[in-house]
Amino acid sequence: MEIEDPNNLPLVERINKAEYFARELCEHLQQAFLPKLSELRLSSKKLDADVVSDQTMFDQMSSVAKAEQFASDIHARLSKYLESIRKDASAVLGITDSTMEINDRE
């Protein structure tokens, strides 16, 4: 997934998008990822192959993996926006931090 460059947007729009990504990530974790993970966990505790087939386990693991990838993508976008906001806000406020210099070198 191509992550857009937040530095091309005004600061207020970056803040709004960061808020949107944070809400989206929270909702995804609560409504999709955690329920799928819980379902997989419960299925893995059943030792009877007649109750839980290999295909069921595979499908549930695949579903959890897809949900995790989606969460990772949202998190990457959110992190990029937050880092951009931090840099601009620090510049406006005249804050210099040694950890910022270390991060910039990396």
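The values are calculated or read from the model by the stated rules, or taken from the named source; none is laboratory data. The shown structure was predicted, so the numbers you read here are calculated from the model rather than taken from an experiment. Glycine also receives a Cβ, built like all others from the backbone with ideal geometry; neighbour counts cover every protein chain displayed.
Annotations
- Taken over segment 58-67, the criterion of being out of contact with any Leu (no Cβ under 7 Å at 6 or more places or on another chain) and surrounded by 15 or more Cβ atoms within 10 Å (Cβ to Cβ) is satisfied by Ser63, Ala67.
- Residues satisfying the stated conditions in segment 36-53, i.e. at pLDDT 90 or above and surrounded by fewer than 16 Cβ atoms within 10 Å (Cβ to Cβ): Ser38, Glu39, Arg41, Leu42, Ser44, Lys45, Ser53
- Listed by first and then second residue, the pairs with beta-carbon distance under 8 Å, at least 6 apart or on different chains, first residue in segment 60-87 and more than 24 Å from Pro10 (Cβ to Cβ), second part of a helix (DSSP H, G or I) and small (Gly, Ala, Ser), are Gln60/Ser43; Ala67/Ala32; Phe70/Ala32.
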